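Notes follow once the structure below has been shown.
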Amino acid sequence: MKKENKKQIAKITVFLTSIFIIFLSVTYAFINVTINGTRRQVITVGNLNIDLEEDDNFIIDNVFPVYDEVGMLSKSFNFRLINNSDEKASYVLSLEDITTGERLSFSDVKLGLTKNGEASIYSLDTLENLVIDTGIIDGNETIEYNLRLWIKDTVTDNELIQGKSLRFRIQVSAEQIPKEIYTESILNGTDPVLSNNLVPVTIENDGTVHKASIYEKWYSYEEKLWANAVVLLDKTVTYENGEVIPEEKIESYFVWIPRYKYKIFNDIVYTGLTEIEDRAQEIEIEFENKETAKSTGTTTGSWLTHPAFTSFDSNGFWVGKYESGYKGATSTDTAQVNSNDSTKLQIKPNAYSWRNITVGNAFKVGYDYLRSDESHLMKNTEWGAVAYLQHSKYGSSMSVRNNNNSSYKTGYASISEPTLGYNTNGTSIPGNLNGTTSDVTLPYNTPTGYTASTTGNITGIYDTSGGAWEYVMGYNINANAVGGSSELTSIYGDFFTNSKWEKYYDKYSNAEVDASKYQTGLLGDATREMGPFGTIKDPDGGTRYRTSWYGDYAHSVHPVDPWFARGGGWYDGVGSGTLAFSGYSGGVATYISFRVVLTL
């Protein structure tokens, strides 16, 4: 042990004497910049006046491999962005690489950025154009930053770093946001938050994707045009505003769900089946940012800040626009893989839905996908937040058309609204879809395809009705076996005992083996509030529990099937829907997929 300690000390000494990473205080912006002194940058554009103030120059002195937890405790470079005007501004902060001589590889260096107390960690090589932050700064707002750099703990070869260095300086660009853009907005400060991984886009009706300018109008929830962004396959590639981004260059699509409160429309606690009624209605919502005091209503007519936003204390989240697909799959069968390799995740139209995966593996795929963006497997309450926004005046506010593609391909829509349902063999019931097969289906970028979107247009979220059922993180804590068949505890041994995991799943507590017990449903999760519940005979003779909203399936979780799945399958006809729910074991099933969420 003593010999090992001596080796470690020697290695640290070598690193300390051979590497330095310096920030210079002389900075610049892309537009109309006046430098005042050496540690203050002033940007003046029209009525906009923004300061970038920096602390003294410094040399980072922990230049040896350390764990991220240690790196985030090291000395920081502190600076602040100050908006001295009354105008909102969009800004981009980035590092300018001014290294001379032999340089450290970006892949060997971690960057920790703390913004107003919230920390994120990145590998330098994943930062597009070395952009460290983008966003909107309100009039008279100050944003505080602390920045740290360290060598990754995985670096064990001295030759990779000895005699090498990195030099950076901060640069900022900013642009005033025209009042006509933000004054018409009803988002109340819950505008989309972008990360280095996300590229804002607009999508034409035929599916053509363009890089969006954040200085121009690229979404309008008032017009049911939800904000979209994409993750590129090659994150080092950049596109100009307005430039087409080829479909083959896109890995994943996401849609922004702004934080809101809603007026509770049904507080009845249902303990079993009665009769279904026509209860579908427009849900009243108001957007509110996280600085607003939370609404805590519990009764019909009172307001409740939707719980999907409070568990992460966020101003919104990005939802996978389609069911998760398996990258490289060329058939229905090849997308049935029970693995947790997050590099296989893609979220695209016309892709084979990733199925036959346990909840545990689906959770790990989501958790590992974009860790710096707090990626995770969608929660049941997050599904509810999408469903309620869809049923507000900002969404289509009607039954979402079923994706009836029997090959489990994403982004498709039935040519007409199912009225009865499908037989278990996949063929249609006579009179449904005019007696044709279930494969009479059209893609996302057609007028028929738009009906399968949460907005009724191409900007919304697809596959929430039909396609595959989707596992979500809603779990009955009275499961017969801990975690059911999810394999979660095999991957994360402390998942159900360590409080750090609690924000990633919603808890339910039905102790009876009865799928008609809805009393443990949570406000906002689009389960209990969809009552009253009753039964409908399926054309094939089966009896299914249904909601009072479009007759969607309504089977609650219980100890044998402790995990919620949402949306229904392509074969479920009228039983499928954004408001459909059922309990499953958490194990593999060829008809169950999943969806990923980012929280920023």
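The values are calculated or read from the model by the stated rules, or taken from the named source; none is laboratory data. Since the model is a prediction, treat every value here as computed from it, not as a measurement. In this analysis, Cβ positions are derived from the backbone assuming ideal geometry, glycine residues included, and neighbour counts consider all displayed protein chains. Surface areas here come from the heavy atoms of the whole protein model, side chains and all, with no ligands, DNA or RNA. Shrake-Rupley method; radii C 1.70, N 1.55, O 1.52, S 1.80 Å.
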Subject >> Mean separation of Cα contacts under 8 Å (6+ apart) over length of the stretch 123-221, as relative contact order % >> reply: 32 percent
Original post:
Among residues other than residue 207 whose Cβ falls under 12 Å from its Cβ, what is the net charge (Lys/Arg +1, Asp/Glu -1)?
Top reply: -1
**OP:** Give me the accessible area per residue for the stretch 120-207, probe 1.4 Å, as a whole number in Å².
**Re:** 40 Å²
**OP:** Could you check how much of the accessible area of the stretch 322-401 is carbon and sulfur, as a whole percent, using a 1.4 Å probe?
**Re:** 43 percent
Original post:
Taking the highest mean first, how do the peptides 119-125, 455-461 order by number of other beta carbon atoms within 10 angstrom per residue?
Top reply: 455-461, 119-125
Subject >> Sequence-distant aspartates and glutamates (8 or more away, or on other chains) whose Cα lies within less than 13 Å of residue 249 >> reply: 234
Original post:
Can you pull the percent of the stretch 133-227's accessible area that's carbon plus sulfur, 1.4 Å probe, other chains left in place?
Top reply: 42 percent
Subject >> Area projected by the alpha carbon convex hull of the stretch 467-600, averaged over all directions, nm² >> reply: 8.7 nm²
Subject >> By average C-beta atoms within 10 angstrom, highest first, the peptides 92-104, 543-555, 353-365 >> reply: 353-365, 543-555, 92-104
**OP:** Take the alpha carbon gyration tensor of the stretch 107-186, find the square roots of its eigenvalues, order them as a ≥ b ≥ c, and report rounded if a/c is under 1.5; if not, report prolate when a/b exceeds b/c, else oblate.
**Re:** prolate
**OP:** State the extension gain, in nm to one decimal, for the chain segment bounded by residue 342 and residue 330, taking 0.36 nm per residue of separation less the distance between their alpha-carbons.
**Re:** 2.5 nm
**OP:** Assuming a ≥ b ≥ c are the square roots of the Cα gyration tensor eigenvalues, decide whether the stretch 186-263 counts as rounded (a/c under 1.5), prolate (otherwise, with a/b larger than b/c) or oblate.
**Re:** prolate
Subject >> Long pairs among 263/348; 263/379; 344/517; 344/507; 290/379, criterion Cα-Cα beyond 26 Å >> reply: 263/348; 344/517; 344/507
Original post:
How much length is gained if the chain between residue 294 and residue 99 is pulled fully straight, taking 0.36 nm per residue apart and subtracting their Cα-Cα distance, in nm to one decimal?
Top reply: 65.5 nm
Subject >> Dipole of the stretch 258-402 [Lys/Arg +1, Asp/Glu -1 at C-beta], most positive-end residue of 295, 335, 310 >> reply: 335
**OP:** Pull out a ≥ b ≥ c, the square roots of the eigenvalues of the alpha-carbon gyration tensor of the stretch 293-389, then state rounded if a/c is under 1.5, prolate if not and a/b is larger than b/c, and oblate in the remaining case.
**Re:** prolate
Original post:
Can you tell me the accessible area per residue over the stretch 327-418, all protein chains present, probe 1.4 angstrom, in square angstrom?
Top reply: 26 Å²
**OP:** Would you mind counting up the charge near residue 491? Only other residues with Cβ under 12 Å from its Cβ, with Lys and Arg at +1 and Asp and Glu at -1.
**Re:** -2
**OP:** Give me the distance in nm between label points sitting 7 Å out from Cα along the Cα-to-Cβ direction at residue 217 and residue 590, one decimal.
**Re:** 4.9 nm
**OP:** Place the peptides 325-336, 195-206 in order of packing, highest mean first, counting for every residue the other Cβ atoms within 10 Å and averaging per peptide.
**Re:** 195-206, 325-336
Original post:
With every protein chain left in place, what is the accessible area per residue of the stretch 218-288 in square angstrom, probe 1.4 Å?
Top reply: 45 Å²
Original post:
residue 398 to residue 158: FRET efficiency via 1/(1 + (r/R0)^6), r the Cβ-Cβ distance, R0 51 Å, to the nearest 0.05?
Top reply: 0.20
**OP:** Note down the nm distance, to one decimal, between modelled labels 7 Å out along Cα→Cβ at residue 131 and at residue 278.
**Re:** 4.8 nm
Original post:
Simple spin-label model, 7 Å along Cα-to-Cβ: residue 269 to residue 188 in nm?
Top reply: 2.9 nm
